[in-house]
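A.B. asks: Quick one: structure below, then a few questions.
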Amino acid sequence: MNSKELLSSKSLRITDFRISVLDIFLSNENAVSARQIENTLGSFDRITLYRTLKSFKEKGIIHEIHFSDLDKKFALCESSCSEDGHQHSHIHFHCSNCNETFLLPAETPVPKNLEGFQVSSVEVQATGVCKNCQS
Ligand SMILES: [Zn+2]
Ligand SMILES: [Zn+2]
Ligand SMILES: [Zn+2]
């Protein structure tokens, strides 16, 4: 799905700016930091960017990733996310060597049945050294 299709599937008005921001997510396999978005855009209006990211979050297009000692990062959502809520079941892996944050495939098992709790969304934050940095 390209940026335009994604925007219209989420009933967001298509603007050049929204397309440029979404293209950054679609062209990056891994999570992107706020700084990476700003650097890629070059010149932009900070408030427009803030609002754009906010509406993407509200529509279930992207979500925030927080690792305690890092810049905030954002990543594309799973197709199960919508404006009714986010439903994730994946692991974020942050490499302490190259600083990339990977989204592990949805098939990677995460705890879904927690005794007595109704789980709707699971996000696991893992840190270590990624495959690329081990060789
Ligand atoms: Zn989501
Ligand atoms: Zn995630
Ligand atoms: Zn790495």
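A.B. asks: DSSP loop trypsin sites (Lys or Arg not before Pro) in the range 1-53 with at most 13 other Cβ atoms within 10 Å of their Cβ, which ones? Could the numbers behind the result be given before it?
C.D. replies: Working: sites: 4, 10, 13, 18, 35, 46, 51; in loops: 10, 13.
Filter output for the range 1-53: 13.
A.B. asks: I would also like to ask the following. Taking every DSSP beta bridge with both residues inside the range 3-134, roughly what % is antiparallel (nearest 5)?
C.D. replies: Details: 11 of 18 bridges.
DSSP beta bridges in the range 3-134 are roughly 60 percent antiparallel.
A.B. asks: For the range 18-96, taking Cα atoms only, what is the radius of gyration to one decimal and the Dmax to the nearest whole Å?
C.D. replies: Cα radius of gyration and Dmax of the range 18-96 are 12.4, 35 Å respectively.
A.B. asks: Let me know the number of lysine pairs in the chain closer than 16 Å at the Cα, not counting same-chain pairs under 8 apart. The partial results should precede the final answer.
C.D. replies: Details: 4/59; 10/54; 10/57; 10/59; 54/72; 54/73; 57/72; 57/73.
Eligible lysine pairs with Cα atoms under 16 Å apart amount to 8.
A.B. asks: Could you work out the relative contact order of the chain, using alpha carbon pairs under 8 angstrom and six or more residues apart, expressed as a whole percent?
C.D. replies: 19 percent
A.B. asks: What percent of all Cα-Cα pairs in the range 3-134 falls in each 5 Å bin, counting up from 0?
C.D. replies: 2, 9, 19, 21, 20, 14, 9, 4, 1, 0
A.B. asks: If you put +1 on each Lys and Arg Cβ and -1 on each Asp and Glu Cβ, how big is the dipole of the chain around its Cα centre, in Debye rounded to 20? Before the final figure, lay out each step's value.
C.D. replies: Numbers: 14 positive and 17 negative charges, 65 e Å.
Taking the Cα centre of the chain as origin, the dipole is about 320 debye.
A.B. asks: With a cut-off of 16 Å, note down the residues of the range 34-74 whose backbone N falls inside the zone around a label point 7 Å from the Cα of residue 125 toward its beta carbon.
C.D. replies: Label zone hits: 34, 63-74.
A.B. asks: In a shell of Cβ-Cβ distance under 15 Å around residue 59, excluding residue 59 itself, what net charge do Lys and Arg (+1) and Asp and Glu (-1) give? Kindly include the intermediate steps, with their values, before the conclusion.
C.D. replies: Values: positive: 4, 10, 13, 18, 51, 54, 57; negative: 5, 58, 64, 78, 83, 84.
Its environment carries a net charge of +1.
A.B. asks: Further question: Considering the options 67, 111, 12, tell which one lies farthest towards the positive end of the dipole of the chain, charges being +1 on Lys and Arg and -1 on Asp and Glu at the Cβ, about the Cα centre.
C.D. replies: In the chain, that residue is 12.
A.B. asks: Between 107, 58, 115, which gets the highest mean-square fluctuation from a Gaussian network model of the chain, Cα cutoff 10 Å?
C.D. replies: So, out of 107, 58, 115, the one fluctuating most is 115.
Each value in this text was obtained by applying a stated rule to the coordinates, not by laboratory testing. All values reported here derive from a predicted model rather than from experimental measurement. Counting neighbours? That spans all protein chains shown, and the Cβs are built from the backbone with ideal geometry, glycine included.
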